[in-house]
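Written out below as structure tokens is the structure these notes cover.
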Amino acid sequence: MALIEKADLIISMDWLDLAGVFRLALGQAQTQTPADKTIIHCSVDSYRTNGWSMDHQALPAVDIPIHAEPDQFILQLLDEIGSDKSSKTKTSPEPKGLSHWNERITPTAPTSRQASMTLWEMAMAVRDFAKNRQVTFARLPIGWPGEAYEFDGPLSFLGNDGGGAVGTGPGHTIGAALALKDSGRLTIGVIGDGDYLMGVNALWTAAHLEIPVMIVVADNRSYFNDEMHQERVAEMRGRPAQNRWIGQRIDDPRVDLVAMARAQGFEADAPVTTTDALAKSLKRGAEIVNRGGRYFIDSVVEPGYADTGPDQRSGAGKKV
């Protein structure tokens, strides 16, 4: 957010709800007061802009709109700015030592935590598991840290529903697993507990149709995105922000997510609270799915989705 505020030039590559991001970063509606910076927006979202439904959310005020797919634009951009080097790189082998930018990040996941792990720690464990495996992430939850993204092809991550809905994760994951059945890829859906609870019946379909798939729930026991929304509204209206949890926490009594998965025909073990336990469950789940089965993991994480790194494990990470 601070970088957005300081930037002179911003290039958006098909960013979802760009106007909403600017509103959060700059504290005002961009459609009313355009940002004092040059904004380039590469997207084909205008195809779905509809004045009747307004499901496109606020329209971003941009200086240079580029009506194209970002990957095509990037190829042309790289060709233009790298024209002096293109003749060398095309005939020369790739320099040794080049690696993905986030390979410099070492997953830091303490094994002594007994209550729960942070979303960062969970993501690092999942990232480490997926290395050197043919994994397709059908879904990833809100707040999943960018450092955990280590994708090497279009089937590495299939994206989200694009509409901000809750409850679509299980169905999307199982639909993707059906499409990838017998492909040799391990389909994993990492979803929030709220998303899981609203679409848990989709797991029965996977069992009924014998679709190999793994579901991993980041269990923060809350519809946390709505907690953040209620906090923002409370601050705007001068009401106590500490009441943000009302109507959003999924606790007291705690829901038995594992029992619900087993009831739909999935194999599952007890909830995991440490990265070591999560790593073992992921390995066991992969073995079961590779044999044609279905596996569920309840990964207990600390409330929130704002942890962005090992230096913020106190829970004081910024809101996103």
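Just a few scattered comments:
- Odd one out for A218 among (1) of a type outside the set (S, T, Y); (2) out of contact with any Asp or Glu (no Cβ under 9 Å at 6 or more places or on another chain); (3) not in a loop (DSSP other than H, G, I, E, B): (2)
- Long-range neighbours under 8 Å by Cβ, at least six apart or interchain, first residue part of a loop (DSSP other than H, G, I, E, B) within the range 56-71, second among the charged types (D, E, K, R): H56/D45; H56/R48; Q57/D17; A58/D17; A58/R23; E69/D14
To keep it simple, each residue is scored yes or no on (1) outside any helix (DSSP H, G or I); (2) in contact (Cβ under 8 Å) with a residue 60 or more places away in the chain; (3) more than 22 Å from the chain's Cα centre (by Cα); (4) closer than 13 Å to F296 by Cβ.
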| position | (1), (2), (3), (4) |
| --- | --- |
| G189 | yes, no, no, yes |
| D195 | no, no, no, no |
| A234 | no, no, yes, no |
| R239 | yes, no, yes, no |
| P253 | yes, no, yes, no |
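- Selection within the range 269-301: residues that are of a type in the set (V, I, T) and assigned to a helix (DSSP H, G or I). The member of this set that is nearest to T136 (Cα to Cα) is V289.
- Qualifying residue in the range 85-93 (condition: exposed (fewer than 14 other Cβ atoms within 10 Å of the Cβ), assigned to a loop (DSSP other than H, G, I, E, B) and at pLDDT below 60): yes
- Only one entry in L203, L209, L186 is surrounded by fewer than 24 Cβ atoms within 10 Å (Cβ to Cβ), of a type in the set (A, V, I, L, M) and more than 23 Å from M117 (Cβ to Cβ), namely L209.
The values are calculated or read from the model by the stated rules, or taken from the named source; none is laboratory data. In this text the structure is predicted, and so the values were computed from the model without any measurement. FYI the Cβ positions are ideal-geometry reconstructions off the backbone, even for glycines, and counts take in every protein chain you see.
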